[in-house]
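Just so you know, all these numbers are worked out from the coordinates, no wet-lab data involved. In this text the structure is predicted, and so the values were computed from the model without any measurement. Quick reminder, even Gly has a Cβ in these numbers, built from the backbone with ideal geometry, and neighbours come from all protein chains shown.
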Amino acid sequence: MSHKLKYIIPFKSILNNSVEVHFLLRDYKGSPVELKGTGEPLTLSIDDDDFLYTPIRTSSCKINIFGSDYLQELFSTDYTQWKINIIRNKSLVWTGYIKPEIYTQDYTSDKFELNIEAVSALSVLENMEYTPLKDEANFITVWELLKSLISQSGGDWNSVYIPEVYGRDRAKVSSENIFELLELSEVNFFDEEDQAMNYLEVLEELCKILNWTVTDWNGDLFFCDIDHKGTYRKYNRTLSSYSTLTPTETNVQALTFRGGNQTLDRLGG
């Protein structure tokens, strides 16, 4: 599945960041064309859930474009036809796809505003039935499963973060990748009638077992262990190499804000 850039919407954010919305069409062969956004060209949203241990937190965005009938080409016939990448200051901050048949258009004039909805690359896994990595269901490693899930989504994430808490020596995390040793049966992903789960359901079950929450944030894919306070492994998108890092902490009292004469109440407890 190969996508190539066809349309670009450039604009400045309220913080004066340079932002570009990239529309990449599957199997496109031509050159990119610039489109014009409206007064509020882009809105990003993270799924809200009060439960701390939610296995999957996906995201979505709304794109508003000003133009004429040629914009109807952005109508998507399937979940992976049009890929959306959002670039801020030349760095990827979001990746996903246009939702099929979800857009609004004003038919009363030649020029109109087209409103498009897109979902994160994780979300499209819901529309793909699980397929065994080999000819038939067999035992696979957790690492093979993770690679397959990331590959199936087609997301262009910069990096993939995985908590570094798994090793044979509890006192010191091993450099060995324990997920290359843990195996599970692909039969678990099929019901009694041999009906396959979708990839998002498989990902959810895996995250439940490992006590993870997976989400996309700022152009990266995070597998978070809410109870883990130590280091993470920062992998490339294919999980072929990594570096080790410690998450940074931010003091909310030291954060700056925009505006004037506002105060933040701090209540006891």
Report summary line: Checked against a 20 Å limit on the C-alpha separation, the offending pairs among K4/K234; K134/K208; K99/K147; K6/K83; K90/K111; K12/K36 are K4/K234; K134/K208; K99/K147; K90/K111
**Report entry** Contour excess over end-to-end distance, with Cα ends at K111 and D227 and 0.36 nm allotted per residue
**Finding:** 36.6 nm
Query raised in the report: Within segment 188-221, what residues put their amide N at less than 17 Å from the label point 7 Å along the Cα-to-Cβ vector of K134?
Result: 188-190
Query raised in the report: Pulled fully out, how much extra length does the chain show between D78 and S2, if you take 0.36 nm times their separation in residues and subtract their Cα-Cα distance?
Result: 25.9 nm
Query raised in the report: Modelled label-to-label distance, K62 and D220, 7 Å Cα→beta-carbon offset: nm?
Result: 3.0
Report task. Multiply the residue gap between L52 and I14 by 0.36 nm, knock off their C-alpha separation, and tell me the result in nm, one decimal place. Result -> 10.6 nm
Query raised in the report: Which log10 I(q)/I(0) values, to two decimals, does segment 3-87 give at q = 0.12, 0.13, 0.25, 0.26 Å⁻¹ under the Debye formula with one point per Cα?
Result: -0.44, -0.51, -1.32, -1.38
